[in-house]
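The values are calculated or read from the model by the stated rules, or taken from the named source; none is laboratory data. Keep in mind the model is a prediction, meaning the values are calculated, not measured. Counting neighbours? That spans all protein chains shown, and the Cβs are built from the backbone with ideal geometry, glycine included. We work out accessible area using only protein heavy atoms, side chains counted, and drop any ligands, DNA or RNA first. Shrake-Rupley method; radii C 1.70, N 1.55, O 1.52, S 1.80 Å.
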Amino acid sequence: MLDNISKVLPVGQLYVPSFEDFKDVVDHLSKNNYYTNHGPLLKSLEKELSSYLGVKYVLGVTNATIGLIIALEALHEEGSVLTPRFSFPATMNAICMIGANVCYCDTLQDSPNACLESLEDKLINDNSIKTILLPNLWSTLNQIEHIKFLAKKYCATLIYDSSQAFSCSYEGEKISINGSAEVFSFHATKLITSLEGGCITTNNSSLYEKLTHIRSSYGAVGNVLKPLRIGSGRMSELQAGLCLKSLSYIKRSIEQNRKIFNLYKELLKPKNKYKIFEPGSRKIESSYQYVVLILDQAVNQVRGKLTVHLNNNNIFAKAYFNYDFSVFNDENPMDFPNSIKLSKSCICLPIGERITPEDVIYISKIVNDFFDSLDF
Amino acid sequence: MVDISNSYLIEKNKYIGSETLSTSSLYSPDSTTVLNYIKTSYYHKQFTNRGPLVEELEEKLLNFHKARYCITFCSGFWALVAAIKNVALKDRKYVLMPSLTYRRLDDAVLWAGFTPLYCDIDPINLGLDINSIDQKYLTNISLILAVHPMVDCLNAYSISKFALSVSIPVVFDSVESVNEKLPEGKVGNFGNCEIFSLHASKLINGLEGGYITTNDYNLYNELKEFQNFSLNSKGELTQKYSMNAKLNEGHAAFALASFDELDLLLRHNYSIYNEYLCLEKLVCDKFRIRRYNNNMSPSYMIIVAELDKKYIDCRDKLIMTLNSINILSRIYYFPPLHKKRESMIGTKDLKLTITDLYSKKLFLLPSGWPIQKDQIYPIMNLINKIIDDIYLKKC
Ligand SMILES: Cc1ncc(COP(=O)(O)O)c(C=O)c1O
Ligand SMILES: Cc1ncc(COP(=O)(O)O)c(C=O)c1O
């Protein structure tokens with residue numbers, strides 16, 4: 001246990017391929033002298049991902065933010081893009097990068113998922129909204145069917161930012177086709193990784209052509225008439241090679257996550273001071289990439305203190321996501337009470353490749369002791 | 001036609017080799033060096049988000065360019081967008097730029113929210129000619145985007161001086177002039193900032209990547225925030241227009257290894273360029289090789305051929321024929337941007353005489369790390385023959 005004090009415990013997944021795997025990929029590159037521009041490793045990654053996810057088309061990209069930018073550029077015609085006022089900022093950044101307005105809806109209470117009433121309310125009252133960009137956060141999923149219904153009812157294009165939800169399933173099927181396009185991240189802190197990276201998935205062949213066209217000047221396919229802005233979203237052969245390695249042991253990684261998550265559930269003693277967010281449900285099979293505590297209103301003012309306390313013990317817990325989202329639009333924050341509350345009350349604990357059962361025992365004890373010491 | 005093509009292919013395979021030849025640098029750094037570098041990232045267990053190799057690379061690059069600050073990017077393209085967005089005057093419309101240039105330059109300008117405005121090029125160096133600027137647009141120009149051409153380079157000093165005199169900022173796209181030393185200083189030190197690419201086809205092979213050099217501390221910080229979701233050092237969001245444009249440690253490892261071995265590549269490039277010059281006599285009635293300025297320490301990376309007037313009409317057919325036998329020669333920047341997307345550009349009444357002239361007569365000969373010196377002679381012979389055949393309408 002003493003060892004833990006000197007060991008840094010990060011929040012990210014960090015299932016990074018081993019040095020030997022890295023060497024393997026580098027040897028492959030030097031042998032083939034193919035480095036980037038949609039090379040053979042990328043093609044094989046896209047093929048494997050498409051069969052893993054059960055989707056027709058997969059495009060590997062530089063990172064998920066660029067994936068979102070490309071997907072929005074291909075799908076959003078004009079007007080505003082609706083998104084919950086709670087996500088990693090990349091979701092909103094991507095909307096701004098294509099030059100569209102960000103328009104917010106609220107989340108549910110104690111869940112990062114979009115609140116259907118708030119979403120519908122916005123769709124009814126703001127007819128500038130043409131696209132909905134929904135993040136599936138914390139390895140859980142939004143209410144897929146209801147949202148599909150609402151998007152159709154109000155003729156809005158639906159895109160999912162599933163950066164935090166790779167390999168989650170809805171009613172037994174891996175997510176990837178619930179919006180017109182869906183975007184995943186392969187950042188080092190995610191379940192599978194190419195260090196930086198990501199992919200876009202779709203079942204629509206003409207959209208695939210358009211996405212390919214915007215992704216890059218090289219390897220454009222088809223004949224896209226609209227004078228699109230072309231970006232740059234190439235994934236190198238090194239990234240693709242590493243991601244293939246990472247994908248090959250995904251089962252083990254998810255199993256590790258599940259074990260760690262369950263151990264936290266067993267050891268943490270919330271005693272009404274917080275909830276451990278449960279990403280799975282009867283319909284949703286999670287990949288458990290996040291352990292999130294949602295502090296009760298009565299104790300949420302101690303989150304800062306808890307974070308510092310954990311950090312002082314080398315536990316790099318994070319308030320995921322405590323940002324001032326009014327940077328992206330000036331709607332009154334008070335209109336989004338659930339999102340605001342969530343921003344103030346959530347804290348993520350370490351889970352992933354580097355976290356052992358001993359670490360969980362260590363972290364849980366510190367968290368339990370912290371709450372026990374509070375005078376409430 | 002089929003038969004002739006086939007005979008070219010046979011000749012190519014027999015005398016040049018069966019491999020595909022290209023105009024990309026494709027430097028292959030020593031694998032052991034790459035692996036030695038990446039060990040540092042494994043040791044620190046950090047693979048992106050400004051890891052140890054990214055910092056080391058930035059340090060080496062800023063020393064190389066003798067600039068004050070350097071920041072790496074996931075690609076030259078997004079570095080370009082970042083530079084335009086953060087340097088251009090916000091209340092103006094146009095970005096002034098050349099037309100015969102990198103074919104995604106107009107896209108970068110559009111992503112940054114501005115409109116391209118083209119000016120002509122200087123026939124001597126093929127770069128943007130500030131004397132061709134239409135004065136009536138000056139007050140609506142937000143930025144001068146000056147791109148160093150493939151061979152030779154811009155007079156960065158006089159462009160910077162002009163920009164200063166009209167109070168318009170200037171960004172240099174120095175992707176093709178990484179190694180150059182101008183009389184007034186090294187490339188990397190001019191204008192508000194300079195952007196570079198670490199793509200595999202460029203001088204320093206990081207597989208994918210780019211970087212910006214600047215002497216402006218505020219701009220450096222803005223760029224750093226831009227590439228990291230606008231988060232500042234306190235983890236607060238600072239502006240809505242930003243993204244993820246970070247370079248990962250794997251690409252940094254490749255870039256570092258390639259950078260360490262740069263002298264090897266420069267020597268190789270020079271020997272290839274020199275060989276082309278020696279063999280120019282084989283084709284001297286048809287084309288000449290554009291000269292590098294040896295006093296400016298060029299990288300000799302790209303070999304640009306300029307067709308004689310008589311053979312200009314053969315160019316496109318020549319490129320098609322070469323491509324069909326796995327010699328991936330390219331037209332020098334095609335198409336000129338003002339011909340590409342006329343609905344989206346700033347002016348409809350453009351007279352880019354020099355641009356139009358040079359857009360018809362230039363092409364790139366095979367070059368780069370994979371090319372061997374003894375392949376140049378048969379390449380020149382074959383091209384000579386193909387041009388003759390095209391000219392005489394045999395194929
Ligand atoms: C919800 C969400 N969207 C987008 C991103 C951006 O992903 P990337 O880092 O691959 O650009 C992230 C990354 O953490 C994320 O969590
Ligand atoms: C002149 C010029 N600028 C910018 C770029 C963009 O660089 P990258 O390919 O790294 O995005 C290129 C790439 O070919 C280029 O030639």
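From the set of residues in region A:329-345 that are of a type in the set (D, E, K, R) and assigned to a helix (DSSP H, G or I), which is farthest from A:Gly304 (Cα to Cα)?
In this case the residue turns out to be A:Asp335.
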**Report entry** Options A:Leu158, A:Leu123, A:Leu108; residue that is closer than 19 Å to A:Ala64 by Cα, away from ligand 1 (no atom under 13 Å from the Cβ) and not polar (S, T, N, Q)
**Finding:** A:Leu158
Report task. Those residues that are in a loop (DSSP other than H, G, I, E, B) and either within 11 Å of A:Pro84 (Cβ to Cβ) or within 16 Å of ligand 1 (Cβ to nearest atom) (or both), I need them from region A:132-154; list them, please. Result -> A:Asn136, A:Leu137, A:Trp138, A:Ser139, A:Thr140, A:Leu141, A:Asn142
Query raised in the report: If the Cβ limit is 9 Å and pairs must be 6+ apart or interchain, which residue in region B:169-187 that is over 24 Å from B:Asn205 (Cβ atoms) and open to solvent by 10 Å² or more (accessible area, probe 1.4 Å) pairs with which residue that is of a type in the set (Val, Ile, Thr) and part of a strand (DSSP E or B)?
Result: B:Pro169/B:Ile144
Report summary line: Out of (1) surrounded by fewer than 18 Cβ atoms within 10 Å (Cβ to Cβ); (2) touching a strand residue (DSSP E or B) at 6+ places or on another chain (Cβ under 8 Å), the one B:Asp374 does not meet is (2)
Requested in this report: Could you figure out which of (1) open to solvent by 20 Å² or more (accessible area, probe 1.4 Å); (2) free of Cβ contacts under 8 Å to residues at least 60 places away in the same chain; (3) within 19 Å of B:Asn293 (Cα to Cα) isn't true of B:Ala156?
Outcome: (1)
Query raised in the report: Just checking, which of B:Leu21, B:Leu26, B:Leu62, B:Leu80 is open to solvent by 20 Å² or more (accessible area, probe 1.4 Å), among the aliphatic types (A, V, I, L, M) and either farther than 23 Å from B:Ala156 by Cα or within 14 Å of chain A (Cβ to nearest Cβ) (or both)?
Result: B:Leu26
Query raised in the report: What number of residues within region B:188-207 satisfy the criterion of being open to solvent by 10 Å² or more (accessible area, probe 1.4 Å), of a type outside the set (Phe, Trp, Tyr) and more than 13 Å from the chain's Cα centre (by Cα)?
Result: 3
Query raised in the report: Inside region B:31-59, can you point out the residues that are open to solvent by 40 Å² or more (accessible area, probe 1.4 Å) and away from chain A (no Cβ under 14 Å)?
Result: B:Glu55, B:Glu56, B:Glu59
Requested in this report: Within region A:155-209, work out how many residues are in a loop (DSSP other than H, G, I, E, B), within 14 Å of another protein chain (Cβ to nearest Cβ), among the small types (Gly, Ala, Ser) and open to solvent by less than 10 Å² (accessible area, probe 1.4 Å).
Outcome: 3
Report task. Given the conditions (1) over 19 Å from the mean Cα position of the chain (by Cα); (2) among the small types (Gly, Ala, Ser); (3) part of a helix (DSSP H, G or I), report the number of the one that A:Ala298 does not fulfil. Result -> (3)
Requested in this report: Would you mind telling me which numbered condition in (1) within 14 Å of ligand 2 (Cβ to nearest atom); (2) farther than 24 Å from B:His338 by Cβ; (3) part of a loop (DSSP other than H, G, I, E, B) B:Phe190 fails?
Outcome: (1)
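Look at A:Ala220 and say whether it is away from ligand 1 (no atom under 16 Å from the Cβ) and modelled with pLDDT under 95.
yes
Being among the polar types (S, T, N, Q) and either more than 14 Å from chain B (Cβ to nearest Cβ) or open to solvent by 40 Å² or more (accessible area, probe 1.4 Å) (or both): is that true of A:Asn338 here? Lay out the reasoning, then the answer.
Working: among the polar types (S, T, N, Q): yes; either more than 14 Å from chain B (Cβ to nearest Cβ) or open to solvent by 40 Å² or more (accessible area, probe 1.4 Å) (or both): yes.
Criteria met by A:Asn338.
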Report task. Provide a single number: the residues in region A:74-85 that are crowded, with 24+ Cβ neighbours inside 10 Å and not basic (Lys, Arg). Result -> 5
Query raised in the report: Pairs under 8 Å by beta carbon, first residue on the phi > 0 side of the Ramachandran plot and touching a residue at least 40 places away in the same chain (Cβ under 8 Å) in region B:233-257, partner outside any loop (DSSP other than H, G, I, E, B) and surrounded by 18 or more Cβ atoms within 10 Å (Cβ to Cβ), six or more apart or different chains?
Result: none
**Report entry** Residues satisfying the stated conditions in region B:220-242, i.e. open to solvent by less than 20 Å² (accessible area, probe 1.4 Å) and more than 11 Å from every other protein chain (Cβ to nearest Cβ)
**Finding:** B:Leu223
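Conditions tested, residue by residue: (1) within 16 Å of ligand 2 (Cβ to nearest atom); (2) not in a helix (DSSP H, G or I).
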{"position": "B:Asn218", "(1), (2)": "no, no"}
{"position": "B:Asn221", "(1), (2)": "no, no"}
{"position": "B:Gln239", "(1), (2)": "no, yes"}
{"position": "B:Ser242", "(1), (2)": "no, yes"}
{"position": "B:Gly250", "(1), (2)": "yes, no"}
{"position": "B:Phe254", "(1), (2)": "yes, no"}
{"position": "B:Asp263", "(1), (2)": "no, no"}
{"position": "B:Leu266", "(1), (2)": "no, no"}
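Could you tell me whether B:Leu89 is within 16 Å of ligand 2 (Cβ to nearest atom) and part of a loop (DSSP other than H, G, I, E, B)?
Spelling it out, it is not the case that B:Leu89 is within 16 Å of ligand 2 (Cβ to nearest atom) and part of a loop (DSSP other than H, G, I, E, B).
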**Report entry** The lone exception for A:Lys23 - which of (1) part of a strand (DSSP E or B); (2) farther than 20 Å from A:Ser185 by Cα; (3) within 13 Å of chain B (Cβ to nearest Cβ) it fails
**Finding:** (1)
Query raised in the report: If you check B:Ser41 against the conditions, is it more than 18 Å from the chain's Cα centre (by Cα), more than 16 Å from ligand 2 (Cβ to nearest atom) and in a loop (DSSP other than H, G, I, E, B)?
Result: no
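Confirm whether A:Lys318 is farther than 23 Å from A:Ile340 by Cβ and either among the charged types (D, E, K, R) or not assigned by TED's automatic domain parsing to the domain that holds A:Ile366 (or both).
no
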Query raised in the report: Is there a residue in region A:68-77 that is over 27 Å from A:Leu119 (Cβ atoms), within 12 Å of chain B (Cβ to nearest Cβ), touching a Lys or Arg at 6+ places or on another chain (Cβ under 8 Å) and modelled with pLDDT of 95 or more?
Result: no
Query raised in the report: Given the conditions (1) in a helix (DSSP H, G or I); (2) closer than 30 Å to B:Asn140 by Cα; (3) open to solvent by 60 Å² or more (accessible area, probe 1.4 Å), which single one is not true for B:Lys360?
Result: (2)
Query raised in the report: Does at least one position in region B:277-298 carry a residue that is out of contact with any Cys (no Cβ under 8 Å at 6 or more places or on another chain), farther than 19 Å from B:Tyr358 by Cα, in a loop (DSSP other than H, G, I, E, B) and not acidic (Asp, Glu)?
Result: yes
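Here's the yes/no breakdown for (1) within 28 Å of A:Lys7 (Cα to Cα); (2) assigned to a loop (DSSP other than H, G, I, E, B); (3) among the charged types (D, E, K, R):
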| residue | (1), (2), (3) |
| --- | --- |
| A:Ser326 | no, no, no |
| A:Gly352 | yes, yes, no |
| A:Glu358 | yes, no, yes |
| A:Ile361 | yes, no, no |
| A:Ile366 | yes, no, no |
